Amino acid sequence: MQATVGNSRVSGAARAPPSKSYTHRALLAAGYADGALVRNPLDSADTRATAAAVEAFGGSEAREGDDWNVTGFDGTPSVPADVVDCANSGTTMRLVTGTAALVDGTTVLTGDESLRSRPQGPLLDAIEALGGRACSTRGNGQAPLVVDGPIEGGHVEMPGDVSSQFVTSLLMAGAATERGIDVALTTELKSAPYVDITLDVLADFGVEAEETADGYSVAGGQSYDPASSEYDVPGDFSSVSYLLAAGALAADDEVVVEGAHPSAQGDTAIVDVLDRMGADVEWRDDAGEIVVRQSALSGVTVDVADTPDLLPTLAVLGAAADGTMHITDAEHVRYKETDRVSAMAEELAELGVKTEERPDELLVHGGESELVGARVDGRGDHRLVMALAVAGLVADGETTIEGAEHVDVSFPDFFDVLEDLGADVAR
């Protein structure tokens, strides 16, 4: 699908979609439990992949209105009857690789072409160190993966600079092992707030896990047991970032983002970044509302070690700001659905923006650029598509985005929401 966004103004209220990160973890936690009603989840391509994986390991799932009713496998996943297809969801593959390590038998996990190019090696090595067998069929640390269990738990060392999802996977599975799992990190942990999200969800499901001096630890023999057998998913701040950016760049009066309650999500940092850039932004956290008005912005330096999903949004904000937006500590952002550092540099160049790409940095010289509408490629990456659509609001002329259907991964009605705010959108 193509989506064309014309230079336009936006105003009014929009609700943030539910958090993708929390939904993934809640669905899998409900799988580890007897079951749970997951309220207000994000229903997207990625989260459906996790729900399907829960079913593959012996659970079941069904939508009930706006909720997701999961019957779990109670800490004892069974051998899947078929290959577990994780589609395009890296979160699904990494989280359920830990589940596969609990199975008394063999599990094969795969995904689409993009997912089969993403690194999984440190997690496979960790499972091997814990007594399981885990390998890449091509011997390159990438899917398809073959995992044999069951592991009993223990101590494992692993790097933290590839993906925090490896830690999440071991913590979630570790509670169901006999001995528990202690993870010692040999390098600095990237995207640490995502592990905070995991600890938050585990606590709500009655599982005790903690940060230690050198990593994380979860005791074994625990049961997943959420209060009242229900779990409520908060709003998604990665998705909020596009709505806030749209308001800061193109609001006619103001944009109010609803459903933005405080949580452990690292991407809440977007509010602080906008404030530092000079945006007129106010977070009414008790009401779960963020109000933003169109503002003259200036480029700032932003470290995305803990907030990799914000890079596309930050790059677009920088493209429309005075001076230079300096996005640092970004090497791990190259291992997402696409190499988002290169992809944003190249697609912004199509829109007339001057950028500089370094191994772990992206510099966006908004003060030296004029945004001009053009045809750009979303690269099969939902976050690129949405960020480029926001750029289209302030580019001269029209911006046509190829592959716009990929917003289904995290914000399925994104273009409807943008249109409801007054944007000129054609699909």
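The values are calculated or read from the model by the stated rules, or taken from the named source; none is laboratory data. In this text the structure is predicted, and so the values were computed from the model without any measurement. Note that each Cβ is placed from the backbone with ideal geometry, even for glycine, and that neighbours are counted across all protein chains shown.
Conditions tested, residue by residue: (1) surrounded by fewer than 18 Cβ atoms within 10 Å (Cβ to Cβ); (2) among the β-branched types (Val, Ile, Thr); (3) outside the structural domain of Met172 (by TED's automatic domain parsing).
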{"residue": "Val183", "(1), (2), (3)": "no, yes, no"}
{"residue": "Lys190", "(1), (2), (3)": "no, no, no"}
{"residue": "Val201", "(1), (2), (3)": "no, yes, no"}
{"residue": "Asp214", "(1), (2), (3)": "yes, no, no"}
{"residue": "Ser223", "(1), (2), (3)": "yes, no, no"}
{"residue": "Ser239", "(1), (2), (3)": "no, no, yes"}
{"residue": "Leu243", "(1), (2), (3)": "no, no, yes"}
{"residue": "Gly247", "(1), (2), (3)": "no, no, yes"}
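Filter the range 274-296 down to residues that are part of a loop (DSSP other than H, G, I, E, B) and not polar (S, T, N, Q) and give me whichever is surrounded by the fewest Cβ atoms within 10 Å (Cβ to Cβ). Quick ask: steps written out before the conclusion?
Keep residues of the range 274-296 that are part of a loop (DSSP other than H, G, I, E, B), which gives 278-279, 285-288, 294-296.
Checking which are not polar (S, T, N, Q) leaves us with 278-279, 285-288, 296.
Details: Gly278: 15, Ala279: 25, Asp285: 13, Asp286: 8, Ala287: 12, Gly288: 17, Ala296: 12.
The extreme case among them is Asp286.
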The one condition Pro312 fails out of (1) out of contact with any Asp or Glu (no Cβ under 9 Å at 6 or more places or on another chain); (2) buried (at least 24 other Cβ atoms within 10 Å of the Cβ) is (1)
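In the range 335-358, what residues are at pLDDT 95 or above and under 26 Å from Asp112 (Cα atoms)? Give the steps one after another, and end with the answer.
First, pick out the residues of the range 335-358 that are at pLDDT 95 or above: 339-358.
Once the filter is applied, which keeps residues that are at pLDDT 95 or above and under 26 Å from Asp112 (Cα atoms), the range 335-358 yields Asp339, Arg340, Val341, Ser342, Ala343, Met344, Ala345, Glu346, Glu347.
With under 30 Å from Ala395 (Cα atoms) and either assigned to a loop (DSSP other than H, G, I, E, B) or in contact with a Cys (Cβ under 6 Å, 6 or more places away or on another chain) (or both) as the only criterion, which of Ser8, Ser78 stands out? Before you say what the answer is, go through the steps one by one.
Values: Ser78 fails: under 30 Å from Ala395 (Cα atoms).
Matching residue, one of Ser8, Ser78: Ser8.
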I'm checking my understanding of the structure. Among residues of the range 337-364 that are surrounded by fewer than 21 Cβ atoms within 10 Å (Cβ to Cβ) and of a type in the set (Lys, Arg), which one is farthest from Leu310 (Cα to Cα)? Lys354
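Criterion first (in the same structural domain as Val70 (by TED's automatic domain parsing), within 22 Å of Pro77 (Cβ to Cβ) and surrounded by fewer than 19 Cβ atoms within 10 Å (Cβ to Cβ)) does Glu210 satisfy it? Reasoning before the result, please.
Numbers: in the same structural domain as Val70 (by TED's automatic domain parsing): yes; within 22 Å of Pro77 (Cβ to Cβ): no; surrounded by fewer than 19 Cβ atoms within 10 Å (Cβ to Cβ): yes.
Taking the combined requirement at face value, the residue does not satisfy it.
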Tabulated pairs, the range 407-424, first closer than 21 Å to Arg379 by Cα and free of Cβ contacts under 8 Å to residues at least 40 places away in the same chain, second β-branched (Val, Ile, Thr) and buried (at least 17 other Cβ atoms within 10 Å of the Cβ), C-beta under 7 angstrom, 6+ apart or interchain: Val407/Val385
Mind listing just one residue for me: the one in the range 367-382 that is among the small types (Gly, Ala, Ser) and in a loop (DSSP other than H, G, I, E, B) and, of those, nearest to Thr47 (Cα to Cα)? Gly380
Go through the range 182-232 and give me each residue that's of a type outside the set (Asp, Glu), more than 26 Å from Val70 (Cβ to Cβ) and more than 24 Å from the chain's Cα centre (by Cα). Thr212, Ala213
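Charged (D, E, K, R), surrounded by fewer than 19 Cβ atoms within 10 Å (Cβ to Cβ) and more than 23 Å from the chain's Cα centre (by Cα): is that true of Arg334 in this structure?
no
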Taking interchain pairs and intrachain pairs at least six residues apart, which have beta carbon atoms under 7 angstrom, with the first residue in the range 221-237 and over 14 Å from Ala29 (Cα atoms) and touching a residue at least 60 places away in the same chain (Cβ under 8 Å) and the second surrounded by 14 or more Cβ atoms within 10 Å (Cβ to Cβ) and of a type in the set (Val, Ile, Thr)? Phe237/Thr268; Phe237/Ile270
In this structure, is Val271 in the same structural domain as Val409 (by TED's automatic domain parsing), touching a strand residue (DSSP E or B) at 6+ places or on another chain (Cβ under 9 Å) and outside any helix (DSSP H, G or I)? no
Any residue at all in the range 92-100 that's part of a loop (DSSP other than H, G, I, E, B) and among the hydrophobic types (A, V, I, L, M, F, W, C)? no
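Please work out if Val183 is in a helix (DSSP H, G or I) and among the β-branched types (Val, Ile, Thr).
Values: in a helix (DSSP H, G or I): no; among the β-branched types (Val, Ile, Thr): yes.
The answer is no for Val183.
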Going by the conditions given, is Arg39 in contact with a helix residue (DSSP H, G or I) (Cβ under 7 Å, 6 or more places away or on another chain), in contact (Cβ under 8 Å) with a residue 60 or more places away in the chain and not acidic (Asp, Glu)? no
In the range 125-143, what residues are in a loop (DSSP other than H, G, I, E, B) and crowded, with 18+ Cβ neighbours inside 10 Å? Leu130, Gly132, Gln142, Ala143
With the condition being more than 22 Å from Asp200 (Cβ to Cβ) and of a type outside the set (Val, Ile, Thr), I'd like the strands (runs of 3 or more DSSP E) fully within the range 23-72 carrying at least 3 qualifying residues. 60-64
Among the numbered conditions (1) surrounded by fewer than 24 Cβ atoms within 10 Å (Cβ to Cβ); (2) touching a strand residue (DSSP E or B) at 6+ places or on another chain (Cβ under 6 Å); (3) in a helix (DSSP H, G or I), tell me where Glu157 comes up short. (3)
Restricting the range 74-92 to residues that are closer than 18 Å to Met172 by Cα and out of contact with any strand residue (DSSP E or B) (no Cβ under 9 Å at 6 or more places or on another chain), which is surrounded by the most Cβ atoms within 10 Å (Cβ to Cβ)? Ser89
